[in-house]
């Protein structure tokens, strides 16, 4: 077994989606020649300077995250600005990366390899 690799991403001054897609690409292991879809890559991704991400005011107002409980009237909506005000920019990056990973049994384990500073 190989040792765990550490990949450092500097998010200062970059767009949210660009950083999230770069992180998701590395978490999937697509930057390696031994890429395999059915395994979790042995890599930890460290994202630095998350508070310096470039997120436009239009994106903060128009991007909506919604969830549904399954009951009548159980739909909850939250804008990106509200999410950042409540939980910070790091939570917005986590949601962006989470949604870029394939929705299968490995997604939770891949997200454990994401470290946001």
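The values are calculated or read from the model by the stated rules, or taken from the named source; none is laboratory data. As the structure is a prediction and not an experimental result, all values here were calculated from the model. Heads up, the Cβs are rebuilt from the backbone with ideal geometry, glycines too, and the neighbour counts pull from every protein chain shown.
Residues being without any contact (Cβ under 8 Å) to a residue 40 or more places away in the chain and in contact with a strand residue (DSSP E or B) (Cβ under 9 Å, 6 or more places away or on another chain) are represented in the range 31-42 by at least one member.
Please state which one of 18, 60 is free of Cβ contacts under 8 Å to residues at least 60 places away in the same chain, part of a helix (DSSP H, G or I) and in contact with a helix residue (DSSP H, G or I) (Cβ under 6 Å, 6 or more places away or on another chain).
On the way: 18 fails: in contact with a helix residue (DSSP H, G or I) (Cβ under 6 Å, 6 or more places away or on another chain).
That would be 60, the only listed residue that is free of Cβ contacts under 8 Å to residues at least 60 places away in the same chain, part of a helix (DSSP H, G or I) and in contact with a helix residue (DSSP H, G or I) (Cβ under 6 Å, 6 or more places away or on another chain).
From the list 109, 104, 99, pick out the single residue that is surrounded by 10 or more Cβ atoms within 10 Å (Cβ to Cβ), assigned to a loop (DSSP other than H, G, I, E, B) and at pLDDT 95 or above.
On the way: 109 fails: assigned to a loop (DSSP other than H, G, I, E, B); 99 fails: assigned to a loop (DSSP other than H, G, I, E, B).
The match here is 104.
Residue 15 - would you say it is modelled with pLDDT under 95 and at negative phi? No, not satisfied. Quick one: how many residues across the range 32-55 are touching a helix residue (DSSP H, G or I) at 6+ places or on another chain (Cβ under 9 Å), assigned to a loop (DSSP other than H, G, I, E, B) and exposed (fewer than 14 other Cβ atoms within 10 Å of the Cβ)? Going through the range 32-55 one residue at a time, the tally reaches 2. If you go through the range 90-110 and keep only what is touching a residue at least 60 places away in the same chain (Cβ under 8 Å) and within 18 Å of residue 47 (Cα to Cα), you end up with 92, 93, 96, 97, 100, 101, 109, 110. Any residue that is touching a strand residue (DSSP E or B) at 6+ places or on another chain (Cβ under 6 Å) and modelled with pLDDT under 95 - is there at least one of those in the range 67-81? Among the residues of the range 67-81, at least one is touching a strand residue (DSSP E or B) at 6+ places or on another chain (Cβ under 6 Å) and modelled with pLDDT under 95, which makes the answer yes.
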